[in-house]
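Colleague: First, the structure itself, so that you have it in front of you.
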Amino acid sequence: MKIIIIILASFFSIDDFHEFKIGRYEVRPNQDDITLFIALDRHDFTEVVQKQSGCSDSEAFATCMTEYIVDHFKLNFDGVEACMEYQNHTVKKELIEMTFRIGINPEGVNSIKVFNDILLEQWSYQENIMFFLLNDKQRSFRLNKNRIRTQVDYD
């Protein structure tokens, strides 16, 4: 058994594997509007945000985070481009969690178009998982370097 493990270990070194990078995005209905919840790797997201012009100062961090999100993440509800209003963020040991208000009524949404290339320029193995909790249906989609756009249709 030890010989098999040694042989396998010689074929597969640590360099052959890469770390998974996963972002979580949830579109949740409220009574009159929609909330977007985002959770990203704290280190990766901070590094990318601080590389933006004028964003090395920690006082501008919330503004810089919002600018990055708005540039790299788009939602379109039934042909109406969503405006994301920053609500808050929480920095945890491994994650940054952000909440945005989307001023669109969730009632009767038929189609949602998504564009998401967050962190994909920096890490090709980034996976962005979208969860939609609208119209009493739960839907989820995986977006990555091979697929940065999707459309969710509710019938």
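Colleague: Condition test on T35, is it in a helix (DSSP H, G or I) and either out of contact with any His (no Cβ under 7 Å at 6 or more places or on another chain) or modelled with pLDDT of 85 or more (or both)?
Modeller: Working: in a helix (DSSP H, G or I): no; either out of contact with any His (no Cβ under 7 Å at 6 or more places or on another chain) or modelled with pLDDT of 85 or more (or both): yes.
Judged against the criteria, T35 is not a match.
Colleague: Next question. Residue check, M84 against (1) among the aliphatic types (A, V, I, L, M); (2) more than 21 Å from T150 (Cα to Cα); (3) open to solvent by less than 70 Å² (accessible area, probe 1.4 Å), all met but one. Which one?
Modeller: (2)
Colleague: Go through the residues of region 92-100 one by one and say whether even a single one is of a type in the set (F, W, Y) and open to solvent by 30 Å² or more (accessible area, probe 1.4 Å).
Modeller: no
Colleague: Another question about this same structure. Tell me whether region 105-121 contains one or more residues that are out of contact with any Cys (no Cβ under 8 Å at 6 or more places or on another chain), in contact (Cβ under 8 Å) with a residue 40 or more places away in the chain and aromatic (F, W, Y).
Modeller: yes
Colleague: Do we find a residue being in a strand (DSSP E or B) and out of contact with any Leu (no Cβ under 6 Å at 6 or more places or on another chain) anywhere in region 118-128?
Modeller: Yes: one or more hits.
Colleague: If I ask for residues that are open to solvent by 50 Å² or more (accessible area, probe 1.4 Å) and within 21 Å of N128 (Cβ to Cβ), which ones from region 40-77 would you list?
Modeller: Pass one, region 40-77, residues open to solvent by 50 Å² or more (accessible area, probe 1.4 Å): 42-43, 47, 50-51, 53-54, 56-59, 63, 67, 70-71, 74.
The answer is R42, H43, E47, Q50, K51, E67, V70, D71, K74.
The values are calculated or read from the model by the stated rules, or taken from the named source; none is laboratory data. Predicted model, so just to flag it, every value in this text is computed and none were measured. Quick reminder, even Gly has a Cβ in these numbers, built from the backbone with ideal geometry, and neighbours come from all protein chains shown. Ligands, DNA and RNA are stripped out before the accessible areas are found, and what is left, the full protein with its side chains, is counted by its heavy atoms. Shrake-Rupley method; radii C 1.70, N 1.55, O 1.52, S 1.80 Å.
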